[in-house]
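K.L.:
Next up is a structure, given as structure tokens.
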Amino acid sequence: MVDMVQPAFWQRFGNAAQIASAVVAIGALGAIYWQVQFNFKLSRENSVHEIYRAYLQMAVQYPSLAYPADSAALADMTREDRARYGWFVSYLLYTCEQILASFPVDPKWQRTCREQIGYHGAYVCTAVIKDELDHYDEPMRLLIQQVAKASAAPECKKA
């Protein structure tokens, strides 16, 4: 009769320990991936809030640029003020583009951007639609076109 030697405790459970270690390592990699994705999303959202806050500060500092009376008021601006106004609207459009990229399905942010861009309907329908529309990504182009279509500005009826 062959005498069988019982394997030691660590030999019997060694394979199970290796398998458990591999499962824990895979779980840890999954957790790291999730954490990186979460941090990226959180960072992007914080950046958008900062950009929008900076836009609001500009609007408070320059209310005549934020809420122009009408297209006649734009025509009466000095060359320097027209340039400042163009950059103001460009910053607004950039802000909204970042918002739409970070919050693509949030109706509150979309409504906010539509309202803010709507205050500049005359400018959007002349300068932006004619010269700059291709500079924006698809969701932003659609939003600009929606605002132009809904605008009461005479310039938008011609565009």
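Quick note: the coordinates plus some simple rules give every number you see, no bench work behind them. Since the model is a prediction, treat every value here as computed from it, not as a measurement. With ideal geometry, Cβ positions are generated from the backbone for all residues, glycine too; neighbour counts draw on all protein chains shown.
K.L.:
So, with +1 on the Cβ of K and R and -1 on the Cβ of D and E, and no other charges, what is the size of the charge dipole of the stretch 43-158 about its Cα centre, to the nearest 20 debye? Walk me through the numbers before you get to the answer.
P.N.:
On the way: 13 positive and 15 negative charges, 50 e Å.
Once rounded to the nearest 20, the dipole reads 240 debye.
K.L.:
On to the next question. Work out how much length Lys108 to Ala75 would gain on full extension: take 0.36 nm times their residue separation and subtract the Cα-Cα distance, in nm to one decimal. Kindly include the intermediate steps, with their values, before the conclusion.
P.N.:
Values: separation 33, 0.36 × 33 = 11.88 nm, distance 3.24 nm.
Gain in length upon complete extension: 8.6 nm.
K.L.:
Another question, if that's okay. Would you compute, for the Cα atoms of the stretch 55-125, the largest minus smallest coordinate along each principal axis and list the three values in descending order, in whole Å?
P.N.:
39, 20, 17 Å, listed from the longest principal axis down.
K.L.:
Mind ordering 88-100, 137-149, 55-67, 121-133 by average Cβ neighbours within 10 Å, highest first?
P.N.:
Ranking the peptides 88-100, 137-149, 55-67, 121-133 by packing returns 88-100, 121-133, 137-149, 55-67.
K.L.:
Let me confirm the definition first: pairs of Lys residues in the chain, 8 or more apart or on different chains, C-alpha distance under 16 Å. How many are there? Write out the running numbers ahead of the final one.
P.N.:
Working: Lys130/Lys149; Lys130/Lys157; Lys130/Lys158; Lys149/Lys157; Lys149/Lys158.
Close lysine pairs under the 16 Å cut-off: 5.
K.L.:
If you don't mind, another one. Given points 7 Å out from each Cα along the Cα-Cβ axis, report the Arg53 to Lys149 separation in nanometres with one decimal.
P.N.:
3.6 nm
K.L.:
Could you compute the FRET efficiency for His135 and Ile32, with r as their C-beta to C-beta distance and R0 at 41 Å, rounded to 0.05? Don't skip to the end; give the middle numbers.
P.N.:
Details: r = 37 Å, r/R0 = 0.90.
The formula returns an efficiency of 0.65 here.
K.L.:
Near the amide H of Tyr119, under 5 Å away, which other amide H atoms are found, from residues 5 or more places off or on another chain, if H is placed in the peptide plane?
P.N.:
none
K.L.:
Can you give me the relative contact order of the chain as a percent, contacts being Cα pairs under 8 Å and 6 or more apart?
P.N.:
Values: 84 pairs, mean separation 30.9, N = 159.
It comes to 19 percent, rounded to a whole number.
K.L.:
How much length is gained on full extension from Lys41 to Tyr67, taking 0.36 nm per residue of separation minus their Cα-Cα distance? Intermediate results must be reported in sequence, preceding the final value.
P.N.:
On the way: separation 26, 0.36 × 26 = 9.36 nm, distance 3.21 nm.
Full-extension gain reported as 6.1 nm.
K.L.:
What's the center-to-center distance, using Cα atoms, between the stretch 42-65 and the stretch 91-138 in Å?
P.N.:
Computed from Cα coordinates, the inter-centre distance equals 14 Å.
K.L.:
Oh, and also: Report the semi-axes of the equivalent ellipsoid for the chain in whole Å, largest first, where each axis is √(5λ) for an eigenvalue λ of the Cα gyration tensor. Before the final figure, lay out each step's value.
P.N.:
On the way: eigenvalues 744, 47, 23 Å².
Taking √(5λ) for each Cα gyration eigenvalue gives 61, 15, 11 Å.
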